[in-house]
Structures are given as C-alpha cells and as structure tokens.
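The values are calculated or read from the model by the stated rules, or taken from the named source; none is laboratory data. The structure presented is a predicted model; accordingly, all values stated were derived computationally and were not measured. Reconstructed Cβ throughout: ideal geometry from the backbone, glycine too, with neighbour counts over all protein chains shown. Side chains are part of the model used for accessible areas, which takes the heavy atoms of the whole protein and leaves out ligands, DNA and RNA. Shrake-Rupley method; radii C 1.70, N 1.55, O 1.52, S 1.80 Å.
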Amino acid sequence: MTVESTAARKPRRSAGSKAGTTGTKRTTSNTSKKGADPDLVQLLTPEGTRVASPEYDRYVADVTPEQLRGLYRDMVLTRRFDAEATSLQRQGELGLWASLLGQEAAQIGSGRALRDDDYVFPTYREHGVAWCRGVDPTNLLGMFRGVNNGGWDPNSNNFHLYTIVIGSQTLHATGYAMGVAKDGADSAVIAYFGDGASSQGDVAESFTFAAVYNAPVVFFCQNNQWAISEPTEKQTRVPLYQRAQGFGFPGVRVDGNDVLACLAVTKWALERARNGEGPTLVEAFTYRMGAHTTSDDPTRYRLDDERAAWEAKDPIARLRAYLEASNHADEGFFAELEAESEALGRRVREAVRAMPDPDHFAIFENVYADGHALVDEERAQFAAYQASFADTDAEGGR
C-alpha cells in the first residue's frame, strides 16, 4: 500500500501556480465544538458506509480486502499497545505517556501511504506511524521510562526520534526535504504535529521555507481539538488547513477518523511532492479521546458529552462495520486478532520491566568532542555523590 515511484522529478512549479488549489471542499469558519461536522474529505462514514469521492477514490481503488484487514489490524494493535503503555505508567513503570487514543486512523492511514525511502519526522504521539515504519513498539517506551533517548536508529526505518520541543521537527523536516530536492531524489518527507503546535513560530517558518523552496514535504497536522486544555478555536479563526493558502501551497481537511480517507489524501499529497509540486498541509480532523499525557486530567476542561459524540465516530469501529458489511472479515479473523492483541500486551509488559537501568555516568559523555575540565570536575562530584549512598548502605548493615 505505497505510492509507486514516479518518473524523474518534474520542473517545480511556482507557489502561485495551479498547484496551489486543491479541488476539495472548503469551510469558511472554524468548526463549532457543539458537534457540527466539518466540510471534509471522507470515504467511510461513522457508520462504516463507503462514500464516493471523485478526487480521491483513485488513490484507494487498488486496496484489497486483505489490505483493509491489515489496516484494521494496525489500528487494533496500536490501540492495545497504547492502552498497555498507559497502564504501565499508572503502575509506576513509565514516567509519562502521551496517548494516541482516537487518532489511530490518522496515523495508520498516513503511515501506510509512505514508501520505504520517505522520511518521517514525528512529534511524541506518533506511535501508530512508528508501527507502520517497523519500529518495535517496546523501543518507544525507553524514553518514557528514562533509560534512553529514543531507542532506535532513525536511519534504519527513516523514522526520526521523537521530538519533545513543540513544532521544531517541522523545521527539520523542511530542511531535510530541501536536501532531498537538491539531491534529485523522488522521495518525500512528512512532518507530524498537532493543532497546538500549529501556533508555534517554528511551524510558520517551516511553511515559509517549504513554499519558497518548493520542498517535497507534507505537513500532517493531527487536529485533535485540544492543545492540552486549550481548544482549537482559541488558536485560530479559520480551519487550520486554510492557513496554507497564505503561504502559497494547498491545504486539505480530511476526516481523521476515516483510515481510508487519510490513506488517500496522504497518497495524493505525497504524489504532489514527488512530482515537484511542493508542500501540502493536511489537517486530519480527529479527537483526542484520552488525556494529553498521563499527567493531565481532561475532565477539568472537557465535557463528557463531547467525548461521547466522538466515541460514536470511533475509527476502529467504523472500519470493522465496513469489513463486516462487505464480508471482508469473519469472526475467525477478529478472534485471531484479539489473541494477537493479548500477546502484544504481554510482550510489552515483560519488555518494559526487563529494561536495564541506564549508566548513571552516560550523561557526561559526548558533551564536548575533546573533553572539558569542568565536565571532568562535575563527573568526579557526581561519582562522590553516588558513592555516598553505598557508604550509607554499608553503615546501615553493620
């Protein structure tokens, strides 16, 4: 389920060319929190009914029943992993966890649109995209347990380490995409960020550079409605995808709970990038069903009715309804997947609890290329501090 390689990169169009239009539906104001649906690209309704889209049907026309089951499996296992990580944090095994609950379709749909040679710049919630890139889910947990700075080699899967500084990875992605273009490659770059990050200056700078240099980058914004406790309408007066117009490249809003629509729209955006048509802003309109992180209490700022309304649009239930109605999956498939989900949960628990503690002195490595007297002094002070605990334990054992 990847976009096939195109011919050699076409001459790049200017930001004001025809490529600056999307042909998609537009909204004129930000979506109300009262439950009104946005005007957006959708291929599967919340009830699981397939609807036609003249612009995007061709991007999923070759998706087979087996691949549909694969998308469903991806979402189910990603959700199970996410739930297990949340439980582990509550049990004191992780310092923090950023849940993706409710955003599985946006991540799996876009992740499966990528080719192996594309490069991904995530934030810290893209567990589903990491799954699609072949990153072992247990590797995602090392950083949140405090035993490493990421746990995987970004160049092995073309999936960068998680970025905690909000919005900064969009600059990294844009620079990387500019390099890709200069190398003459036909691969593309995708940068993930949230609605909260869209207010960061780094994101605006990224849009400027990407537009001016016609960089082959897709800006994928998961608009989950809440930047911690700040609703989207407190950050913007127009739908987020319309911001792209001011920078001279297209933007499109897609139903972020519709895995087929996210797959199709991302393929379209990546195709533009490969063809030398520059950047695209994709706004995946979805909902964060859980807390921003495990340190957050969303009941202090969100209404239960709002969450209930979005639970009715659950991305996993939506695709299951379509699979069952189309006779593309039977009870045996769902039962096998449930067993696989349980096995994944056990593996994650065992892996986290078996993670060794990090070397306490690793913090002093790689600070300076050739070493530094001050760092040596700090290392010695820290060694004496650590030794004091051993002395105390020895005295207590006498």
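For the chain, the alpha carbon convex hull comes to 166 Å³ per residue, rounded to a whole number. Non-local lysine pairs in the chain, meaning eight or more places apart or on different chains, with alpha-carbon distances under 22 Å, amount to 12. Legend: P(r) of the range 205-282 from all alpha carbon pair distances, 5 Å bins from 0, whole percents, reading 3, 16, 24, 23, 18, 12, 4, 1. From most to least packed by mean Cβ count within 10 Å, the peptides 64-70, 192-198 give 192-198, 64-70.
Here's the picture: charge each Lys and Arg Cβ at +1 and each Asp and Glu Cβ at -1 in the chain, and of W131, Y119, P46 the one pushed furthest to the positive end of that dipole is P46.
Between V238, P154, V203, the Cα set farthest toward the positive side of the dipole of the range 147-289 (charges on each charged residue's Cβ, about the Cα centre) is that of V238. Put simply, the Cα atoms of the range 182-250 extend 43, 20, 18 Å along their principal axes, the longest span coming first. Its Cα centre serving as origin, the range 37-92 has a Cβ charge dipole (Lys and Arg +1, Asp and Glu -1) of approximately 340 debye. Calculated on the Cα set of the range 212-347, radius of gyration then Dmax: 18.4, 52 Å.
Helical runs assigned H by DSSP (4 residues or longer) give the chain a calculated mean residue ellipticity at 222 nm of -13500 deg cm²/dmol, each run adding -39500 (n - 2.57) before division by the residue total. Extent along the principal axes, Cα only, for the range 137-193: 40, 24, 13 Å, with the longest axis given first.
In the calculated pair distance distribution of the range 150-296, what percentage of Cα-Cα distances lie above 28 Å? Tail of P(r) above 28 Å: 15 percent of Cα pairs. Treating r as the C-beta distance of D330 and E365 and R0 as 41 Å, the FRET efficiency rounds to 0.15.
Using the Cα centre of the chain as the reference point, and only Cβ charges (+1 on K/R, -1 on D/E), how large is the resulting charge dipole? Debye, rounded to the nearest 20.
Numbers: 42 positive and 56 negative charges, 328 e Å.
It comes to approximately 1580 debye.
Taking the alpha carbon gyration tensor of the range 269-319, multiplying each eigenvalue by 5 and rooting it gives semi-axes of 33, 15, 9 Å, largest first. Using only side-chain charges placed at the Cβ, +1 for Lys and Arg and -1 for Asp and Glu, the dipole size of the range 220-310 relative to its Cα centre rounds to 300 debye.
For the chain, the antiparallel share of DSSP beta bridges with both residues in that region comes to about 10%. The label point for D62 and the one for T293, both projected 7 Å from the Cα toward the Cβ, are 4.2 nm apart.
Within the accessible area of the range 102-147, the carbon and sulfur atoms contribute 39%, probe 1.4 Å, all protein chains present.
Computed over all pairs of different Cα atoms, the Kirkwood value for the hydrodynamic radius of the range 281-398 is 21.2 Å. Relative contact order of the chain: 25 percent, from C-alpha pairs under 8 Å at least 6 residues apart in sequence.
If the segment from M355 to E230 were pulled out straight at 0.36 nm per residue, it would be longer than the present Cα-Cα gap by 41.4 nm.
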